[in-house]
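The values are calculated or read from the model by the stated rules, or taken from the named source; none is laboratory data. This is a predicted model, so every value here is computed, not measured. All Cβ positions, even for glycine, are placed from backbone atoms using ideal geometry, and neighbour counts span all protein chains on display.
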Amino acid sequence: MKGNNVCVVTAQKFPSGLASNNRILSYSKGLKELDYNVDVLTLAYSSDRRGIISGVKYFNLGANLRFKIFTILFGILKVCIKILKNKYDFLILVSNNAFLISLLFLVCKIKNITYIQEKSEFPFVLNYRGFLKKKIADFYINYIYRLFDGMIVMTQPLLEYFKGKTNKKCKMFLMPMTVDVDRFKNVDRTDEYSNCITYCGYMGGNKDGVKNLIEAFSLIQEQHPSIQLLLLGTATDSEFKEIVDYANAIAPNRVIFKGQVSRDEIPFYLVNSKILALARPSSLQSSGGFPTKLGEYLSTKKPVIVTAVGDIPKYLKSRENAFLVAPDDNSLFANELSYMLNNYDKALAIATKGYDLTLSVFNYRQQSVNLRAFLKAFKK
């Protein structure tokens, strides 16, 4: 049987960075608690070069070079060298980089490492337009996913999609969104944000429907004059300015922009908010993915409102354990927000049912046990 040494490779700096790092950390922590040794290796540069968090070792192996391409290549080289020098039984890759995927395939063959990819959304190349780009996308999809021995997917649509894209021996494992609910216990309390409807995440590209949320909020601002909208996160400079200008135009002096906040600060803002909101529009990404932030929202025991996209309705039932709204309908979203504010005690009771999901199906410990069973299915 395989041993218990796991390496997770990602292009993003760790542990701070994108929301995907919360997922990586949650299942890595869970495996560590099950007596696995887990290292997280990144291609990225960070002043925090290495460390240990929740028992998980991490190494940011990139260099701070002038040109991004050299930074990436240097990071890939360092990651490959570290893998070759160490004894790993499993490599879980969280990246879409075709060059990295191909190179690590060779490294895994040399070292007899089981090669697994984690997918939380549909391939980005499906968005390509134009004859040549579509040909590139077809080549990518028909080649890349056949290199893996196993695949971890977050949702049922992803499971169905990738079944036909991998090699016949590739093992598939559906591991839904995972959250470490302990992060949201013993949080300092304040009344400063007690009248805030809050969103946290990356605001660029409107992938999470931040503009939709702002518009929905603007529709109820007169009925609820004490309520404010709190936005945590950032975007590119141009996109951020566009969002701020939009908010000032339709909800002047009612939207608070906190900018980027650290992973450790997020529980403070969420736990102390009144309502937590996510207005994801319908899109390729939302149809296949499952937002990690939703697990964080549910962990607070505060009322959660979210659009019914992808696998979300599989787990959440409207006005039972959360508040669900059809995507792309800002008026409907606004009406549900108003209902929650007008029936807040009922909304809090519903929130406790949502919290129960973080102790069961979304709990990182339970899913890590399932992940361990998946890893044990591989033999030398």
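Of all residues in region 213-234, how many are surrounded by fewer than 19 Cβ atoms within 10 Å (Cβ to Cβ) and either touching a Gly at 6+ places or on another chain (Cβ under 8 Å) or outside the structural domain of Cys196 (by TED's automatic domain parsing) (or both)?
1
Go through (1) crowded, with 16+ Cβ neighbours inside 10 Å; (2) in a helix (DSSP H, G or I) one by one and return the number of the condition Leu332 breaks.
(1)
Residues in region 241-293 that are farther than 13 Å from Val210 by Cα, among the hydrophobic types (A, V, I, L, M, F, W, C) and part of a helix (DSSP H, G or I): how many?
Qualifying residue count, region 241-293: 7.
Taking the condition among the hydroxyl-bearing types (Ser, Thr, Tyr) and closer than 21 Å to Tyr202 by Cβ, does Ser286 pass?
Details: among the hydroxyl-bearing types (Ser, Thr, Tyr): yes; closer than 21 Å to Tyr202 by Cβ: yes.
Taking the combined requirement at face value, the residue satisfies it.
Say we look at region 6-62 and pick out the residues that are under 17 Å from Val369 (Cα atoms) and of a type in the set (Asp, Glu); which of these is surrounded by the most Cβ atoms within 10 Å (Cβ to Cβ)?
Top of the filtered list is Glu33.
When only residues in region 122-161 that are assigned to a helix (DSSP H, G or I) and of a type in the set (Val, Ile, Thr) count, which is modelled with the lowest pLDDT? Reasoning before the result, please.
Kept after step one, since they are assigned to a helix (DSSP H, G or I), are these residues of region 122-161: 124-127, 131-147, 156-161.
Narrowing the set further to residues that are of a type in the set (Val, Ile, Thr) leaves 125, 136, 141, 144.
Details: Val125: 73, Ile136: 80, Ile141: 86, Ile144: 93.
It comes out as Val125.
On the basis of being within 21 Å of the chain's Cα centre (by Cα) and assigned to a loop (DSSP other than H, G, I, E, B), does Pro313 make the cut? Don't jump to the end; show me each part of the working.
Working: within 21 Å of the chain's Cα centre (by Cα): yes; assigned to a loop (DSSP other than H, G, I, E, B): no.
Taking the combined requirement at face value, the residue does not satisfy it.
Mind listing whichever residues of region 69-84 are under 17 Å from Arg49 (Cβ atoms) and more than 25 Å from the chain's Cα centre (by Cα)?
Listed by number, the residues that qualify are Phe74, Leu77, Lys78, Ile81, Lys82.
Assigned by TED's automatic domain parsing to the domain that holds Ser226, in contact with a helix residue (DSSP H, G or I) (Cβ under 8 Å, 6 or more places away or on another chain) and surrounded by fewer than 22 Cβ atoms within 10 Å (Cβ to Cβ): which single residue out of Glu265, Glu320, Glu296 fits that description? Break it down into steps so the answer makes sense when it comes.
On the way: Glu265 fails: in contact with a helix residue (DSSP H, G or I) (Cβ under 8 Å, 6 or more places away or on another chain); Glu296 fails: surrounded by fewer than 22 Cβ atoms within 10 Å (Cβ to Cβ).
Unique residue meeting the criteria: Glu320.
Sort out which residues of region 161-198 are of a type outside the set (A, V, I, L, M, F, W, C), touching a strand residue (DSSP E or B) at 6+ places or on another chain (Cβ under 9 Å) and either exposed (fewer than 12 other Cβ atoms within 10 Å of the Cβ) or within 19 Å of Val304 (Cα to Cα) (or both), and write them in order of number.
Thr178, Asp180, Tyr193, Asn195, Thr198
Quick test for you: out of Tyr45, Tyr115, pick the one residue that is free of Cβ contacts under 8 Å to residues at least 60 places away in the same chain and in contact with an Asp or Glu (Cβ under 6 Å, 6 or more places away or on another chain).
None of the others qualify; the one that does is Tyr115.
Name the residue, out of Thr178, Thr190, that is farther than 17 Å from Pro291 by Cα and among the hydroxyl-bearing types (Ser, Thr, Tyr).
Values: Thr178 fails: farther than 17 Å from Pro291 by Cα.
That would be Thr190, the only listed residue that is farther than 17 Å from Pro291 by Cα and among the hydroxyl-bearing types (Ser, Thr, Tyr).
I'd like the full set of residues that are basic (Lys, Arg) and touching a helix residue (DSSP H, G or I) at 6+ places or on another chain (Cβ under 9 Å), limited to region 135-165.
Filtering region 135-165 for residues basic (Lys, Arg) gives 135, 146, 163, 165.
Of everything in region 135-165, just one residue is basic (Lys, Arg) and touching a helix residue (DSSP H, G or I) at 6+ places or on another chain (Cβ under 9 Å), namely Lys165.
Check whether at least one residue in region 240-252 is in contact with a strand residue (DSSP E or B) (Cβ under 9 Å, 6 or more places away or on another chain) and acidic (Asp, Glu), and report yes or no.
No, every residue in region 240-252 fails to be in contact with a strand residue (DSSP E or B) (Cβ under 9 Å, 6 or more places away or on another chain) and acidic (Asp, Glu).
Among the residues of region 63-90, what is the count of those that are more than 30 Å from Lys379 (Cβ to Cβ) and in contact (Cβ under 8 Å) with a residue 40 or more places away in the chain?
Counting residues in region 63-90 that are more than 30 Å from Lys379 (Cβ to Cβ) and in contact (Cβ under 8 Å) with a residue 40 or more places away in the chain gives 2.
Starting from residues that are of a type in the set (Phe, Trp, Tyr) and at pLDDT below 95, keep the ones in region 63-121 and report whichever is surrounded by the most Cβ atoms within 10 Å (Cβ to Cβ). Talk me through it step by step, then tell me what you get.
Our first condition is that a residue be of a type in the set (Phe, Trp, Tyr); within region 63-121, this holds for 67, 70, 74, 88, 90, 99, 105, 115.
Then drop every residue that is not at pLDDT below 95, which leaves 67, 70, 74, 99.
On the way: Phe67: 8, Phe70: 12, Phe74: 17, Phe99: 11.
Looking at the filtered set, the residue picked out is Phe74.
Within region 13-33, can one find any residue that is within 23 Å of the chain's Cα centre (by Cα), farther than 26 Å from Tyr202 by Cα and of a type in the set (D, E, K, R)?
Yes, region 13-33 contains a residue that is within 23 Å of the chain's Cα centre (by Cα), farther than 26 Å from Tyr202 by Cα and of a type in the set (D, E, K, R).
If you go through region 197-214 one residue at a time, how many are out of contact with any Leu (no Cβ under 8 Å at 6 or more places or on another chain), within 18 Å of Thr236 (Cβ to Cβ) and at pLDDT 95 or above?
Looking only at region 197-214, we keep the residues that are out of contact with any Leu (no Cβ under 8 Å at 6 or more places or on another chain), and these are 204-207, 211-212.
This time we only want the ones that are within 18 Å of Thr236 (Cβ to Cβ), so: 204-207, 211.
Keeping just the survivors that are at pLDDT 95 or above gives 211.
So the answer is 1.
Which strands (runs of 3 or more DSSP E) does region 22-106 wholly contain that include 2 or more residues that are farther than 21 Å from Ser262 by Cβ? Before you say what the answer is, go through the steps one by one.
Working: elements: 37-42, 50-53, 56-60, 90-94.
Qualifying strands (runs of 3 or more DSSP E): 37-42, 90-94.
Of everything in region 122-144, what is surrounded by fewer than 13 Cβ atoms within 10 Å (Cβ to Cβ) and among the charged types (D, E, K, R)? Give them in sequence order. Give the derivation first.
So in region 122-144, the residues surrounded by fewer than 13 Cβ atoms within 10 Å (Cβ to Cβ) come out as 124, 127, 129-133, 135, 138-139, 142.
Within region 122-144, Arg129, Lys133, Lys135, Asp138 qualify.
Name the pairs: first residue in region 121-134 and of a type in the set (Val, Ile, Thr), second residue surrounded by 15 or more Cβ atoms within 10 Å (Cβ to Cβ), Cβ to Cβ under 7 Å, at least 6 apart or on different chains?
Val125/Ala137; Val125/Tyr140; Val125/Ile141
Yes or no: region 294-307 includes at least one residue that is assigned to a strand (DSSP E or B) and in contact (Cβ under 8 Å) with a residue 60 or more places away in the chain.
Initial filter on region 294-307 (assigned to a strand (DSSP E or B)): 304-307.
Filter once more, keeping what is in contact (Cβ under 8 Å) with a residue 60 or more places away in the chain: 307.
Yes, region 294-307 contains at least one residue that is assigned to a strand (DSSP E or B) and in contact (Cβ under 8 Å) with a residue 60 or more places away in the chain.
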